[in-house]
Every structure is written in structure tokens, then in C-alpha cells.
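One structure is given below, encoded as C-alpha cells.
The values are calculated or read from the model by the stated rules, or taken from the named source; none is laboratory data. Small disclaimer: the values here were computed from a predicted structure and weren't measured. So basically every Cβ, Gly included, is an ideal-geometry build from the backbone, and we count neighbours across all protein chains shown. The area values use the complete protein model at the heavy-atom level, side chains included, leaving out ligands, DNA and RNA. Shrake-Rupley method; radii C 1.70, N 1.55, O 1.52, S 1.80 Å.
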Amino acid sequence: ALIWTILSTVAFALAGWLMFLCHPPLRNHAWGLTVAMTAFVPWMIALNMGQKSTWLLLIFVATYGLFARGKNFLAGMIFGLVAIKPQLGIVIGLAMLWQRQWAFAAGAATTISGLLLLAHGLDQTWLLQFVGVVKGMGDYTSTAGYQLHDSHSLVGGLRFVLPSAFDAW
């Protein structure tokens, strides 16, 4: 868990650095960007829950930076990594097809095909297991044990970072 937290923090910092490099209006606001990212409650939630959202942010920011530089195929290849959470990629993928961004779509298709081949080569039963997980999502969302109000707030995020400081409060 500690290694995952450290790597997720590095991914989040790298996403901020890439935003700073790729989006010129941010260049005059490095300090503000750093403070905003450090105090960003969804980042604290992602660390608290062990989520992959910092990695997805890095994928989206890298995709934006490459696409803005006209490297559409490479941007699509990076975007294809969103296949680890496919519902996030559907709208953007369809929008890119609608806009006839064929190089982007080809890059994404290349990465997604590679991931599918890798998954198929590692385990022949991955699709059936995936379908089983999708069917069980209703049970997952209805289980108790995780209190959303504790985590999805500034106090919950700070309690994660400084647990003993908020005991009396």
C-alpha cells in the first residue's frame, strides 16, 4: 500500500508537471498550481482509497499534451491505456471518431489490441471473469464498510493525512 501511494503521488506530480509544460497559461502560476494540486481533495481520496485515478489523470494529461503538439497517433496510443477503465474512454473515443481523428483512433486501437492480446496470452478466462465482475457490481456498491462521508470531504482527506490531529474534533 505504501509503494502504491508513493507511485500514485509521483504519477500525480508528473501529471501536474506535464500540465505546466503543455498548457502555457499555467506557466505564470507554478506556485498556485502546486498549492492547488497539493490541496486537491480528490487526490487525497484517491490515495485514501488506493484508486487508480492519479494514473488516469496522467494518461489524460499526456494525451492532451501530445494531441496539442500534433502527435495524434502517439496521443491515441497513450489514450488507449484508458482501457483499464473503459467507461472513461468511450465518450472521448467516439468524439474523436466523430471528428475523423483517424490517427488518434488508430493509435488507441493499437494499444487496446496490444492490451487484449497480452490479457489473452496471460489467461484464457479473462473475459468470463470480467463479465462476472460486471454482473457483481450491484453487490459491490451496496455493501457497507466504506463511509463515503468520511472520505469525500476536506476533513476526511485531512484525517487520512493527519489521523490523530482530528480525533478530538
How are the Cα pair distances of segment 1-66 distributed, in percent, across 5 Å bins from 0?
3, 19, 27, 26, 16, 7, 2, 0
Values of log10 I(q)/I(0), in the order q = 0.21 Å⁻¹, for segment 64-117 under a Debye, Cα-only, solvent-free model:
-0.67
Run the quick spin-label model on residue 5 and residue 36: label points 7 Å from Cα toward the beta carbon, then report their separation in nm to one decimal.
2.7
Run the 1.4 Å probe and let me know the accessible area of residue 120, rounded to the nearest 10 Å².
90
How much FRET efficiency would the formula 1/(1 + (r/R0)^6) give for residue 73 and residue 123, where r is the Cβ-Cβ distance and R0 is 25 Å, rounded to 0.05?
0.30
